[in-house]
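For reference, the structure discussed in these notes is given below.
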Amino acid sequence: MTLFESDRKFKALVELIESEERRERWIRSDLAREALDGGDLDRAVSILEGLLSEIEEGPRDAADPFILVVTDQLAAAYLFAARHDDALNLHEQNVAECRELLGPDHLLTLHCQDNLATTLSLVERHDEAITLQEETLAAYRQTLGEDHPDTLTCQCNLAWFLFNAGREECIALYEQTLAACTEALGPDDMLTESVAEFLETAREYLDDED
């Protein structure tokens, strides 16, 4: 075996090990998501904190977005666990890193901005949440188009932030979003049905307020 062949086989082995390690980390990330969906917040947080610590301590490719995905998941787990300060700090840090590493219009950046805006709304920093979501929606429209499901989901979230802030213009935005969802996705799509329910809730609540 020549030195070149030995080196090539070693590199192939390293790539295989890295591939297996990466696959194992994705599996753990999926397990954390399942725990979060099932309401086992302590398990989700434990898995994600361990995974994030492991990634941060070891060598990693600066361009690899996996750590950004895990950080976003952990921030979401903190939010569900009512650890609002931890969630907000981690989301803000992650959005800044997404913008730096991936750019402001990358889909992962926009996804993380949406989650940051959600956290801001839930801690009643309404103006900041709405402003950030408006910026995110504009970027989604530019990147994916106005009728893409991700764009419409972002638009629905903006309407919810307006509703959460007690602003009546949420009704018009919900109506606009419902019409767009019905045309683009159909009346029986899950997103269309969700928007219709949100619109009905907003109308009832704001009517009671009047």
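The values are calculated or read from the model by the stated rules, or taken from the named source; none is laboratory data. On a predicted model such as this, the values are computed, not experimentally measured, just so you know. Positions of Cβ are generated from backbone atoms using ideal geometry, with glycine treated the same way; all protein chains shown enter the neighbour counts.
Restricting attention to segment 38-75 and to residues that are at pLDDT 85 or above and among the acidic types (D, E), the residue that is nearest to A96 (Cα to Cα) turns out to be D72. Summed over segment 154-170, residues that are more than 21 Å from the chain's Cα centre (by Cα) and buried (at least 17 other Cβ atoms within 10 Å of the Cβ) total 1. Whenever a residue of segment 54-75 is closer than 14 Å to E92 by Cα and surrounded by 10 or more Cβ atoms within 10 Å (Cβ to Cβ), its partners that are modelled with pLDDT of 90 or more and hydroxyl-bearing (S, T, Y), lying with C-beta atoms within less than 9 angstrom and at least six residues away or across chains, give the pairs L68/T109; A75/T119.
Name, by its number, the condition in (1) within 29 Å of G38 (Cβ to Cβ); (2) more than 14 Å from the chain's Cα centre (by Cα); (3) surrounded by 16 or more Cβ atoms within 10 Å (Cβ to Cβ) that does not hold for D188. Among (1) within 29 Å of G38 (Cβ to Cβ); (2) more than 14 Å from the chain's Cα centre (by Cα); (3) surrounded by 16 or more Cβ atoms within 10 Å (Cβ to Cβ), D188 violates only (3). When the residues of segment 119-139 are filtered to those that are surrounded by fewer than 21 Cβ atoms within 10 Å (Cβ to Cβ) and of a type in the set (V, I, T), the one that is nearest to L90 (Cα to Cα) is V123. Counting only residues that are within 22 Å of T151 (Cα to Cα) and touching a Leu at 6+ places or on another chain (Cβ under 9 Å), segment 76-96 holds 5 of them.
Assess whether A35 counts as being over 15 Å from the mean Cα position of the chain (by Cα), surrounded by 12 or more Cβ atoms within 10 Å (Cβ to Cβ), among the aliphatic types (A, V, I, L, M) and at pLDDT below 95. The answer is yes for A35.
To keep it simple, each residue is scored yes or no on (1) out of contact with any helix residue (DSSP H, G or I) (no Cβ under 7 Å at 6 or more places or on another chain); (2) closer than 27 Å to D208 by Cα.
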position: F161; (1), (2): no, yes
position: R167; (1), (2): yes, yes
position: Y174; (1), (2): no, yes
position: T182; (1), (2): no, no
position: P187; (1), (2): yes, no
position: E193; (1), (2): yes, yes
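When residues in segment 39-50 are screened for being part of a helix (DSSP H, G or I) and surrounded by fewer than 23 Cβ atoms within 10 Å (Cβ to Cβ), 7 of them pass.
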